[in-house]
Amino acid sequence: MKIAIYSNSGELSKRVSVKLKQRIEQSQRLEIDDLSPDIVISVGGDGTLLSAFHHYIEIIDQVRLVGIHTGHLGFYTDWRDYEVDELINSLENDNGQSETYPLLEITTKYLDGDDTDVVLALNESTIKEISGTLTADVYIKDQKFESFRGDGLCISTPSGSTAYNKSVGGAIINPSLKALQVSEIASINNRVFRTLGSPLIISPDEWVKIIPDIHKKAVLTCDQQVRSGRPIKSIEYKIAEKRVAFAQYRHTHFWQRVNNAFIGVQDDSI
Ligand code: NAP
């Protein structure tokens, strides 16, 4: 089985990567292949796994991801830095077991050309204004839903619901559900501007279209990376057909991760 190692630049992550590489080279069943791997091992945190996802985006439907965390337990990272030998053992006995999560497909059309940009996000996409407030019309399934004015909108996947979405007051969604979520970022609600004011959960057969005010400069992000400085005509969000796969050698209950990350109370009954 071909393995790629994708590490952040922290000292512990680098040490773990060296150990991993040595163990893989000693193994009869495993080999290092950074170009066309079957498994991508991310060493760092959830942010590192997010970078690994985008690094291998062209072949993301052909690989399974594994996360080793060198900080705190994450949402995409199951293995601890001192568990390299256990992980190698699981890789050598791999039988293709995996868990998949939904991805967000973002289709952008521009005012200065007929081309269309299609990208995938693992966590979320945001639309904001360079300066001042964002003004945009929000459509659900081609039907106008509301006119938004405020700092911006965040559209997240279920696995991204614990990231930026949570900070802006969105709900946490179990990634076993196929859904996407639209959360407002500081909307203005008064006699002139009115939005729903609560997060929306969108079903798999629906899509969300956002048409920003053409007189302003909207900025689009995908997993926190700015996509383009071009003037945006419309952005369409839907659940992608492709899903991201994680090699599932062990199972940590999703709500246990949530508890661990945000509450910290250990309760065996969860
Ligand atoms: P980053 O430093 O890579 O990540 C910022 C924090 O978000 C880190 O603590 C990271 O965990 C955590 N994180 C990433 N994905 C997560 C997930 N699915 N669930 C829970 N926590 C998660 O920052 P970045 O490169 O600018 O952005 C990466 C992601 O971080 C974004 O997609 C966004 O969702 C999130 N973020 C959130 C805020 C906020 O809540 N205000 C601000 C910036 C970014 P690790 O420490 O394990 O890497």
### Query
Assuming ARG149 fulfils every condition listed in (1) closer than 27 Å to GLU58 by Cβ; (2) in a strand (DSSP E or B) apart from one, which condition is it?
(1)
### Task
Scan the stretch 229-239 residue by residue and report those that are open to solvent by less than 40 Å² (accessible area, probe 1.4 Å), closer than 20 Å to TYR164 by Cα and more than 16 Å from the ligand (Cβ to nearest atom).
ILE235, ILE239
### Failed criterion for PHE148 (all others in (1) of a type in the set (A, V, I, L, M, F, W, C); (2) surrounded by 24 or more Cβ atoms within 10 Å (Cβ to Cβ); (3) within 11 Å of the ligand (Cβ to nearest atom) hold)
(3)
### Summary
Conditions (1) touching a helix residue (DSSP H, G or I) at 6+ places or on another chain (Cβ under 9 Å); (2) without any contact (Cβ under 8 Å) to a residue 24 or more places away in the chain -> GLN256 fails only (1)
### Query
Inside the stretch 11-37, can you point out the residues that are outside any helix (DSSP H, G or I) and surrounded by fewer than 18 Cβ atoms within 10 Å (Cβ to Cβ)?
SER27, GLN28, ARG29, GLU31, ILE32, ASP33, ASP34, LEU35, SER36
### Task
Enumerate the pairs (first residue in the stretch 1-28 and farther than 15 Å from ASP81 by Cβ; second residue anywhere and among the acidic types (Asp, Glu) and open to solvent by less than 50 Å² (accessible area, probe 1.4 Å)) with beta-carbon separation below 9 Å, excluding pairs fewer than 6 apart on the same chain, so at least 6 apart or on different chains.
MET1/ASP94; LYS2/ASP33; ILE3/ASP33; ALA4/ASP33
### Query
Among the residues of the stretch 180-202, which ones are over 18 Å from the mean Cα position of the chain (by Cα) and among the hydroxyl-bearing types (Ser, Thr, Tyr)?
SER187, THR195, SER198
### Summary
Across (1) among the small types (Gly, Ala, Ser); (2) within 16 Å of the ligand (Cβ to nearest atom); (3) under 22 Å from LYS178 (Cβ atoms), GLY71 clears everything bar (3)
### Task
State whether one or more residues within the stretch 121-134 are open to solvent by 10 Å² or more (accessible area, probe 1.4 Å), within 14 Å of the ligand (Cβ to nearest atom) and touching a Lys or Arg at 6+ places or on another chain (Cβ under 9 Å).
no
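The values are calculated or read from the model by the stated rules, or taken from the named source; none is laboratory data. Just so we're clear, the structure is a prediction, and the values are computed from it rather than from any experiment. All Cβ positions, glycine included, derive from the backbone under ideal geometry; neighbour counts span all protein chains shown. Areas reflect the complete protein model, heavy atoms only, side chains present, ligands, DNA and RNA absent. Shrake-Rupley method; radii C 1.70, N 1.55, O 1.52, S 1.80 Å.
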